[in-house]
Every structure is written in C-alpha cells, then in structure tokens.
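Structure, as structure tokens:
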Amino acid sequence: MKKVFLLLFTLITLNSFAQSVKYKIITQSESVRLLESISNFEVFTGKQLHVSIFRSSNGSGNAKLPESDEVSYNFIFCVAHFDENPDSKVFSVGPFINPIISNKADSGDSIDFII
C-alpha cells in the first residue's frame with residue numbers, strides 16, 4: 001500500500017507545473033527612491049472608500065533643524081472608491097516631524113484623519 005501511495009504521489013508531482021515567475025527591474029529613479037523611503041504602511045476601509053497610507057522618509061537632516069539629523073516624513077494617501085473600476089487619486093502631504101495618525105472618522109463619503 002505504501003508503494004502504491006508513493007508511486008501515485010510521484011506521478012502527481014511529475015505532472016504538476018510550477019508557476020512561471022518573471023521579474024522586471026524598475027529603472028525610474030523617482031519610483032525607486034519613493035519605494036525605499038517607505039517606513040510604514042496602513043490601510044483603512046470605510047463604507048464607500050478604501051484609503052492606503054504610506055509614511056515616506058525625506059532623508060536624514062531634512063527637517064532643517066540646526067545641529068540635528070532629524071528626519072521629516074510625508075504621508076502619501078491613495079484614495080479609491082469601492083467599484084469594479086475604481087476612481088483612484090494619490091496625494092502627498094507633509095513634511096512632518098515624527099508624525100502619527102491619532103484618529104480617523106468615517107462619514108460614508110469621506111474618511112477624516114487627524115495627524
């Protein structure tokens with residue numbers, strides 16, 4: 001019985017196909033800089049909206065405080081309606097020093113964030 005099971009398992013694995021994984025190198029320098037600077041990611045789902053929030057670092061010393069290497073951050077908001085073909089918009093807000101999202105409120109047509 002063990003030999004039959006082993007034979008069946010071997011035949012199944014021989015006839016299965018693995019996914020063909022492809023990769024592509026991203027060469028746009030602005031896209032690469034943005035992706036490597038993301039330090040936090042959150043998703044909020046409301047009644048009619050879907051909001052993805054990325055916290056992006058502006059680099060060391062960018063806060064322009066004297067004798068400091070303080071980092072400033074921007075929030076990138078990706079807003080989309082729930083739909084088969086959603087109308088999406090992307091906004092960048094900032095710079096902020098040590099920002100956090102302390103509160104959110106969903107009113108149906110909008111989601112309000114307190115930074």
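Side notes on the structure shown:
- Interchain or long-range residues, amide H under 5 Å from Gly46's placed H: Val51
- Taking each residue as 0.36 nm, the span from Lys104 to Glu42 lengthens on full extension beyond its C-alpha to C-alpha distance by 21.1 nm.
Each reported figure results from applying straightforward, stated rules to the coordinates on display, with no laboratory input. Quick caveat: nothing in here was measured; it's all calculated off a predicted structure.
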